[in-house]
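S.K.: Before we start, here is the structure in question, set down as C-alpha coordinates.
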Amino acid sequence: MNLPNKITVSRVCLIPVFLLIMAVPFDWGTFEWLGAKIPVTHFVGAVIFAVASMTDWIDGHYARKYNLVTNFGKFLDPLADKLLVSTAFILLVGLKLAPAWIVVVIIAREFAVTGLRLILAEGGEVAAANMLGKIKTWTQIIAILLLLLHNFPFSALSFRLDLVALWVALIFTIWSGADYFYLNRGVFARSK
(Lines give C-alpha, C1' and ligand atoms only; values in the text may rest on other atoms or scores of the structure.)
Protein backbone atom coordinates (compact mmCIF):
# COMPACT_ATOMS: atom_id res chain seq x y z
CA MET A 1 0.00 0.00 0.00
CA ASN A 2 2.15 2.85 -1.31
CA LEU A 3 1.31 6.57 -1.11
CA PRO A 4 -0.56 6.82 -4.46
CA ASN A 5 -2.71 3.83 -3.50
CA LYS A 6 -3.46 5.37 -0.08
CA ILE A 7 -4.54 8.58 -1.83
CA THR A 8 -6.80 6.55 -4.12
CA VAL A 9 -8.31 4.77 -1.10
CA SER A 10 -8.94 8.19 0.49
CA ARG A 11 -10.95 9.10 -2.62
CA VAL A 12 -13.10 6.02 -2.10
CA CYS A 13 -13.56 6.97 1.56
CA LEU A 14 -14.79 10.47 0.62
CA ILE A 15 -17.64 9.00 -1.45
CA PRO A 16 -19.89 8.10 1.53
CA VAL A 17 -19.18 11.52 3.08
CA PHE A 18 -20.23 13.20 -0.18
CA LEU A 19 -23.30 10.95 -0.38
CA LEU A 20 -24.31 11.74 3.20
CA ILE A 21 -24.05 15.51 2.70
CA MET A 22 -26.00 15.40 -0.56
CA ALA A 23 -28.65 12.78 0.27
CA VAL A 24 -29.64 13.64 3.85
CA PRO A 25 -32.05 16.57 3.83
CA PHE A 26 -29.94 18.96 5.89
CA ASP A 27 -31.49 22.42 5.93
CA TRP A 28 -28.44 24.65 5.94
CA GLY A 29 -30.12 27.30 3.83
CA THR A 30 -29.07 28.81 0.52
CA PHE A 31 -26.98 31.73 -0.63
CA GLU A 32 -26.90 33.74 -3.82
CA TRP A 33 -23.65 34.38 -5.60
CA LEU A 34 -23.32 36.07 -9.02
CA GLY A 35 -26.85 35.13 -10.00
CA ALA A 36 -26.67 31.53 -8.80
CA LYS A 37 -28.88 30.46 -5.90
CA ILE A 38 -26.87 27.65 -4.28
CA PRO A 39 -28.04 25.45 -1.38
CA VAL A 40 -25.29 25.26 1.22
CA THR A 41 -25.42 21.44 1.11
CA HIS A 42 -24.73 21.56 -2.65
CA PHE A 43 -21.80 23.91 -2.07
CA VAL A 44 -20.34 21.66 0.65
CA GLY A 45 -20.95 18.63 -1.57
CA ALA A 46 -19.17 20.39 -4.45
CA VAL A 47 -16.15 21.11 -2.23
CA ILE A 48 -15.98 17.46 -1.09
CA PHE A 49 -16.41 16.28 -4.67
CA ALA A 50 -13.68 18.66 -5.88
CA VAL A 51 -11.24 17.50 -3.19
CA ALA A 52 -11.98 13.84 -4.00
CA SER A 53 -11.53 14.57 -7.71
CA MET A 54 -8.19 16.30 -7.17
CA THR A 55 -6.85 13.15 -5.53
CA ASP A 56 -7.14 11.52 -8.98
CA TRP A 57 -4.46 13.85 -10.33
CA ILE A 58 -2.36 13.68 -7.15
CA ASP A 59 -2.19 9.87 -6.96
CA GLY A 60 -1.34 9.61 -10.66
CA HIS A 61 1.35 12.27 -10.34
CA TYR A 62 3.08 10.50 -7.45
CA ALA A 63 2.73 7.07 -9.05
CA ARG A 64 4.43 8.23 -12.25
CA LYS A 65 7.02 10.55 -10.66
CA TYR A 66 8.29 7.96 -8.18
CA ASN A 67 7.62 4.88 -10.33
CA LEU A 68 5.01 3.58 -7.87
CA VAL A 69 2.58 2.26 -10.49
CA THR A 70 1.02 -0.99 -9.29
CA ASN A 71 -1.63 -3.31 -10.64
CA PHE A 72 -3.70 -2.49 -7.55
CA GLY A 73 -3.49 1.20 -8.46
CA LYS A 74 -4.30 0.52 -12.12
CA PHE A 75 -7.39 -1.33 -10.95
CA LEU A 76 -8.54 0.88 -8.06
CA ASP A 77 -7.88 4.32 -9.57
CA PRO A 78 -10.38 4.05 -12.44
CA LEU A 79 -12.83 2.18 -10.19
CA ALA A 80 -12.66 4.99 -7.61
CA ASP A 81 -13.33 7.51 -10.40
CA LYS A 82 -16.33 5.51 -11.60
CA LEU A 83 -17.76 5.20 -8.08
CA LEU A 84 -17.35 8.91 -7.34
CA VAL A 85 -18.74 10.11 -10.66
CA SER A 86 -21.63 7.60 -10.70
CA THR A 87 -22.62 8.58 -7.15
CA ALA A 88 -22.62 12.25 -8.11
CA PHE A 89 -24.62 11.74 -11.30
CA ILE A 90 -27.26 9.61 -9.55
CA LEU A 91 -27.63 12.28 -6.88
CA LEU A 92 -27.94 14.97 -9.57
CA VAL A 93 -30.81 13.06 -11.19
CA GLY A 94 -32.53 12.80 -7.80
CA LEU A 95 -32.09 16.55 -7.35
CA LYS A 96 -33.49 17.14 -10.85
CA LEU A 97 -30.28 18.85 -11.92
CA ALA A 98 -29.34 16.33 -14.64
CA PRO A 99 -31.49 14.45 -17.19
CA ALA A 100 -31.85 10.79 -16.22
CA TRP A 101 -31.25 9.47 -19.75
CA ILE A 102 -27.82 11.12 -19.99
CA VAL A 103 -26.84 9.67 -16.62
CA VAL A 104 -28.06 6.22 -17.68
CA VAL A 105 -25.84 6.35 -20.79
CA ILE A 106 -22.84 7.50 -18.74
CA ILE A 107 -23.28 4.84 -16.06
CA ALA A 108 -24.00 2.12 -18.64
CA ARG A 109 -20.67 2.93 -20.29
CA GLU A 110 -18.93 2.67 -16.92
CA PHE A 111 -20.49 -0.77 -16.27
CA ALA A 112 -19.55 -1.95 -19.75
CA VAL A 113 -15.93 -0.84 -19.41
CA THR A 114 -15.72 -2.35 -15.92
CA GLY A 115 -17.02 -5.63 -17.35
CA LEU A 116 -14.38 -5.51 -20.05
CA ARG A 117 -11.71 -4.83 -17.42
CA LEU A 118 -12.87 -7.95 -15.53
CA ILE A 119 -12.58 -10.06 -18.68
CA LEU A 120 -9.09 -8.67 -19.27
CA ALA A 121 -8.16 -9.35 -15.64
CA GLU A 122 -9.21 -12.99 -16.00
CA GLY A 123 -6.64 -13.26 -18.76
CA GLY A 124 -3.97 -11.68 -16.57
CA GLU A 125 -4.17 -8.26 -18.24
CA VAL A 126 -4.64 -4.96 -16.46
CA ALA A 127 -5.57 -2.10 -18.75
CA ALA A 128 -4.64 1.32 -17.43
CA ALA A 129 -6.77 4.31 -18.36
CA ASN A 130 -5.70 6.04 -21.57
CA MET A 131 -5.72 9.78 -22.35
CA LEU A 132 -9.22 9.71 -23.84
CA GLY A 133 -10.49 8.08 -20.65
CA LYS A 134 -8.80 10.76 -18.57
CA ILE A 135 -10.40 13.51 -20.68
CA LYS A 136 -13.76 11.77 -20.22
CA THR A 137 -13.27 11.75 -16.46
CA TRP A 138 -12.32 15.43 -16.27
CA THR A 139 -15.21 16.55 -18.50
CA GLN A 140 -17.56 14.62 -16.21
CA ILE A 141 -16.00 16.23 -13.13
CA ILE A 142 -16.36 19.73 -14.59
CA ALA A 143 -20.00 19.07 -15.54
CA ILE A 144 -20.80 17.71 -12.08
CA LEU A 145 -19.21 20.69 -10.33
CA LEU A 146 -21.08 23.17 -12.53
CA LEU A 147 -24.36 21.33 -11.88
CA LEU A 148 -23.74 21.13 -8.12
CA LEU A 149 -22.98 24.86 -8.05
CA HIS A 150 -26.12 25.64 -10.08
CA ASN A 151 -24.11 26.94 -13.03
CA PHE A 152 -22.05 29.36 -10.96
CA PRO A 153 -20.64 31.76 -12.19
CA PHE A 154 -22.25 31.49 -15.63
CA SER A 155 -25.81 31.88 -14.35
CA ALA A 156 -25.13 35.64 -14.13
CA LEU A 157 -24.63 35.58 -17.91
CA SER A 158 -27.77 33.47 -18.50
CA PHE A 159 -25.55 30.91 -20.25
CA ARG A 160 -26.12 27.26 -19.31
CA LEU A 161 -22.49 26.14 -19.34
CA ASP A 162 -23.47 23.39 -16.88
CA LEU A 163 -25.66 21.75 -19.54
CA VAL A 164 -23.08 22.33 -22.30
CA ALA A 165 -20.46 20.69 -20.06
CA LEU A 166 -22.82 17.77 -19.44
CA TRP A 167 -23.24 17.24 -23.20
CA VAL A 168 -19.46 17.44 -23.71
CA ALA A 169 -19.04 14.85 -20.94
CA LEU A 170 -21.63 12.62 -22.63
CA ILE A 171 -19.80 12.84 -25.97
CA PHE A 172 -16.42 11.98 -24.41
CA THR A 173 -18.03 9.20 -22.38
CA ILE A 174 -19.41 7.51 -25.49
CA TRP A 175 -16.26 8.17 -27.53
CA SER A 176 -13.85 6.86 -24.88
CA GLY A 177 -16.04 3.80 -24.27
CA ALA A 178 -16.13 2.93 -27.96
CA ASP A 179 -12.36 3.48 -28.17
CA TYR A 180 -11.73 1.28 -25.13
CA PHE A 181 -13.73 -1.58 -26.63
CA TYR A 182 -12.07 -1.11 -30.01
CA LEU A 183 -8.56 -1.19 -28.51
CA ASN A 184 -9.39 -4.35 -26.53
CA ARG A 185 -11.52 -6.09 -29.18
CA GLY A 186 -9.02 -8.96 -29.30
CA VAL A 187 -10.20 -10.23 -25.91
CA PHE A 188 -13.47 -11.36 -27.51
CA ALA A 189 -11.69 -13.13 -30.38
CA ARG A 190 -9.54 -15.04 -27.88
CA SER A 191 -12.60 -16.32 -26.01
CA LYS A 192 -13.76 -18.46 -28.95
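S.K.: From the set of residues in the range 68-93 that are hydrophobic (A, V, I, L, M, F, W, C) and more than 22 Å from residue 2 (Cβ to Cβ), which is most open to solvent (accessible area, probe 1.4 Å)?
M.R.: We begin by selecting, within the range 68-93, every residue hydrophobic (A, V, I, L, M, F, W, C); these are 68-69, 72, 75-76, 79-80, 83-85, 88-93.
Checking which are more than 22 Å from residue 2 (Cβ to Cβ) leaves us with 85, 88-93.
Working: 85: 6, 88: 1, 89: 1, 90: 102, 91: 25, 92: 1, 93: 45 Å².
Residue satisfying both the conditions and the ranking: 90.
S.K.: Part of a helix (DSSP H, G or I), acidic (Asp, Glu) and on the phi < 0 side of the Ramachandran plot - does that describe any residue in the range 125-134? Let's see the steps before the verdict.
M.R.: Taking the range 125-134 as the starting set, the residues that turn out to be part of a helix (DSSP H, G or I) are 131-134.
Filter once more, so that each one left must be acidic (Asp, Glu): none.
Checked against the condition, which is being part of a helix (DSSP H, G or I), acidic (Asp, Glu) and on the phi < 0 side of the Ramachandran plot, the range 125-134 yields no hits at all.
S.K.: Would you be able to tell me the number of residues in the range 1-37 that are surrounded by 13 or more Cβ atoms within 10 Å (Cβ to Cβ), in contact with a helix residue (DSSP H, G or I) (Cβ under 7 Å, 6 or more places away or on another chain) and outside any helix (DSSP H, G or I)?
M.R.: Residues in the range 1-37 being surrounded by 13 or more Cβ atoms within 10 Å (Cβ to Cβ), in contact with a helix residue (DSSP H, G or I) (Cβ under 7 Å, 6 or more places away or on another chain) and outside any helix (DSSP H, G or I): 4 in total.
S.K.: Does residue 60 qualify as being assigned to a helix (DSSP H, G or I) and within 25 Å of residue 153 (Cα to Cα)?
M.R.: no
S.K.: In this structure, does residue 47 turn out to be under 15 Å from the mean Cα position of the chain (by Cα) and among the β-branched types (Val, Ile, Thr)?
M.R.: Spelling it out, residue 47 is indeed under 15 Å from the mean Cα position of the chain (by Cα) and among the β-branched types (Val, Ile, Thr).
S.K.: Looking at the range 161-171, is at least one residue of a type in the set (Gly, Ala, Ser), farther than 25 Å from residue 54 by Cα and open to solvent by 10 Å² or more (accessible area, probe 1.4 Å)? Explain how you work it out, then say what you get.
M.R.: As a first pass, look at the range 161-171 and keep what is of a type in the set (Gly, Ala, Ser): 165, 169.
Within this subset, residues satisfying the condition of being farther than 25 Å from residue 54 by Cα are none.
Looking through the range 161-171, none of the residues is of a type in the set (Gly, Ala, Ser), farther than 25 Å from residue 54 by Cα and open to solvent by 10 Å² or more (accessible area, probe 1.4 Å).
S.K.: When you scan the range 167-188, do you find a residue that is without any contact (Cβ under 8 Å) to a residue 24 or more places away in the chain and within 14 Å of residue 78 (Cβ to Cβ), even just one?
M.R.: Looking through the range 167-188, none of the residues is without any contact (Cβ under 8 Å) to a residue 24 or more places away in the chain and within 14 Å of residue 78 (Cβ to Cβ).
The values are calculated or read from the model by the stated rules, or taken from the named source; none is laboratory data. Quick caveat, the model's predicted, so the values are computed rather than measured. Cβ atoms come from the backbone with ideal geometry, glycine included; neighbour counts cover every protein chain shown. All accessible areas refer to the heavy atoms of the entire protein, side chains included, with ligands and DNA or RNA removed. Shrake-Rupley method; radii C 1.70, N 1.55, O 1.52, S 1.80 Å.
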